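Structure record follows, encoded as structure tokens.
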Amino acid sequence: MKIKRSERLIDITRYMLERPHTLVPLTYFANRYDSAKSSISEDLSIVKKTFRERGTGTLETVPGAAGGVRYIPEIAKDEAEEFAKEMCERLSESDRLLPGGYVYLSDLLGQPSVLRQVGKIIATKYLEQPIDAVMTVATKGVPIAQAVSTYLNVPFVIVRRDSKITEGSTVSVNYVSGSSDRVEKMELSKRSLRRGSRVLIVDDFMKGGGTVNGMKSLIEEFEAELVGITVFAESTFSGNRMVDEYTSLLCVDEVNIREKTIHVQPGNYFTKK
């Protein structure tokens, strides 16, 4: 039974938003709504225009018999900057200061609204690069990796510091903690990552970069390729950081433990080209 155009538009929008980076044939919508392809094309043009004007993303049309339409999530620059400004204010609260100059993040990274924005902002940076998997280390980086992988529509893999019997056989590497100079170990299940995969590393917080550097070593062990590194927040580090090329959404650039003050500014995500 045919339905009204207004109903089609709502359903098409919902369907595409739930399936980012998924090619949907026009024939699917034509059969779903018992409508002509020409009508579906007009509907998609309206959705595409609205997405573009509202900063929701784009609808990419793929021509040909095997073609269709694909939703590419994207966040507008001003919206991303406004979000970063809000996060800077919230992370500058004095009661977030932890021993060692770290900042308490768990409450923010437990909020779905925050994770949606973080995932979309990070995914937007890698729109033009093919990615096969998102990698993070347990445990605080997991919700970020899940949010990013949702918008990129790729799997996420979790590196662990202790092996679990449910992981099966693993590949392990030793790495040096950037902030404490301790030698530690991390592991990844052999079934988690295919050889030759293009991998994006994400994490919640970076200080010396030792953990991220360890994940880079794991990627090399799997003969995979590192696409990029993005962290939710970084802090200034007086020593030699073990990672050079990375982006951060926020930067904790000043911590006064005695006075319990924290200063946070937008990270290099907003200045790097």
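Among residues of region 261-272 that are assigned to a strand (DSSP E or B), those with a Cβ under 7 angstrom from a residue that is buried (at least 18 other Cβ atoms within 10 Å of the Cβ) and basic (Lys, Arg), sequence gap 6+ or separate chain, pair up as ILE262/ARG96.
Annotation note: of LYS77, LYS4, the sole residue that is under 19 Å from the mean Cα position of the chain (by Cα), open to solvent by 60 Å² or more (accessible area, probe 1.4 Å) and modelled with pLDDT under 95 is LYS77. Residues that are over 16 Å from the mean Cα position of the chain (by Cα) and open to solvent by 20 Å² or more (accessible area, probe 1.4 Å) were ranked within region 63-74; the one that is nearest to SER113 (Cα to Cα) is ARG70. Of everything in region 110-123 that is over 15 Å from VAL134 (Cβ atoms) and assigned to a helix (DSSP H, G or I), the residue that is most open to solvent (accessible area, probe 1.4 Å) is ARG116.
Going through region 1-56 one residue at a time, which ones are closer than 30 Å to PHE83 by Cβ, among the β-branched types (Val, Ile, Thr) and part of a helix (DSSP H, G or I)? Spell out the reasoning first.
Step one: filter region 1-56 for residues closer than 30 Å to PHE83 by Cβ, giving 9-24, 44-56.
Within this subset, residues satisfying the condition of being among the β-branched types (Val, Ile, Thr) are 10, 12-13, 22, 24, 46-47, 50, 56.
Correct list: ILE10, ILE12, THR13, ILE46, VAL47, THR50.
In region 192-243, what residues are over 20 Å from MET87 (Cβ atoms) and free of Cβ contacts under 8 Å to residues at least 24 places away in the same chain? GLU220, SER238, ASN240 - these are the residues of region 192-243 that are over 20 Å from MET87 (Cβ atoms) and free of Cβ contacts under 8 Å to residues at least 24 places away in the same chain.
Within region 185-202, can one find any residue that is at pLDDT 95 or above, in contact with a His (Cβ under 6 Å, 6 or more places away or on another chain) and either of a type in the set (A, V, I, L, M) or surrounded by fewer than 22 Cβ atoms within 10 Å (Cβ to Cβ) (or both)? No, every residue in region 185-202 fails to be at pLDDT 95 or above, in contact with a His (Cβ under 6 Å, 6 or more places away or on another chain) and either of a type in the set (A, V, I, L, M) or surrounded by fewer than 22 Cβ atoms within 10 Å (Cβ to Cβ) (or both). Filtering region 57-91 to residues that are part of a loop (DSSP other than H, G, I, E, B) and more than 21 Å from THR247 (Cβ to Cβ) leaves PRO63, GLY64, ALA65, ALA66, GLY67.
Checking each residue in region 149-170 for being open to solvent by less than 60 Å² (accessible area, probe 1.4 Å) and at positive phi picks out only GLY168.
The values are calculated or read from the model by the stated rules, or taken from the named source; none is laboratory data. This one's a predicted model, so the numbers in the text were calculated from it and none came from an experiment. For neighbour counting, all protein chains shown are included, and Cβ atoms are generated from backbone atoms with ideal geometry for every residue, glycine included. Side chains included, ligands, DNA and RNA excluded: accessible areas come from the protein's heavy atoms. Shrake-Rupley method; radii C 1.70, N 1.55, O 1.52, S 1.80 Å.
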